[in-house]
Amino acid sequence: MHMIDHMRLSPARFRQSLGMKRMTRVADVVLGVCVSALCSGCLALAVGAAGGAAGAVYVMGKLQDEVNRPLPVVHEAAVAGMKDLELKLSEVRVDKISAHMESAFSDGPHIWIDMESVSDSRCRITIRVGLTGDEVRSRKIYDAIKQHLPRSQSGGVE
């Protein structure tokens with residue numbers, strides 16, 4: 001509305017017109033924040049954290065999961081899984097609370113596997129393939145590792 005149009009409005013209608021403009025601006029800001037969160041990956045991280053109990057989550061180029069096994073057991077499974085996939089380890093570092101492994105596929109993409117002890121009987125696994133990530137290859141490595149984890153009493157890998 002132009003100033004001339006505002007002069008024709010009664011004071012009550014003028015305030016109502018300004019209120020609509022404010023509501024429109026607030027709605028624009030809220031929409032902008034939602035779009036920003038969605039595009040930045042923050043929403044994906046929140047959804048991944050909430051769904052972490054359901055299995056491995058792929059976010060921002062990394063596949064991550066927590067398993068109910070101690071770090072030494074998960075590390076042994078990772079070494080065996082890499083051997084199954086015929087991926088030669090170029091670097092292996094292990095201590096009591098973390099482990100790090102590196103390798104590469106024959107066609108070039110580098111592989112990083114990090115394991116971190118969350119508790120005495122729980123470990124977080126993070127797998128990244130290539131600089132920007134490759135979900136299909138990350139999941140193949142993850143599946144190879146899980147094949148070597150001992151089964152629980154219920155028969156599944158937790």
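The values are calculated or read from the model by the stated rules, or taken from the named source; none is laboratory data. It should be emphasised that the depicted structure is a prediction, and the values quoted were computed from it without experimental measurement. Glycine also receives a Cβ, built like all others from the backbone with ideal geometry; neighbour counts cover every protein chain displayed.
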Just to be sure, is Lys96 assigned to a helix (DSSP H, G or I) and of a type in the set (Lys, Arg)?
no
Among what's in region 109-142 and is among the polar types (S, T, N, Q) and not in a strand (DSSP E or B), pick the residue that is farthest from Val94 (Cα to Cα).
Thr132
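Which residue out of Leu43, Leu89 is out of contact with any Gly (no Cβ under 8 Å at 6 or more places or on another chain), surrounded by 13 or more Cβ atoms within 10 Å (Cβ to Cβ), modelled with pLDDT under 65 and not in a strand (DSSP E or B)? It would help to see each step written out before you state the result.
Numbers: Leu89 fails: modelled with pLDDT under 65.
On inspection, the qualifying residue turns out to be Leu43.
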Does any residue in region 90-102 that is assigned by TED's automatic domain parsing to the domain that holds Asp120 come within less than 6 Å, Cβ to Cβ, of a residue that is hydroxyl-bearing (Ser, Thr, Tyr) and not in a loop (DSSP other than H, G, I, E, B) six or more places away or on a different chain, and which pairs are these?
Ser90/Ser103; Ile97/Ser117
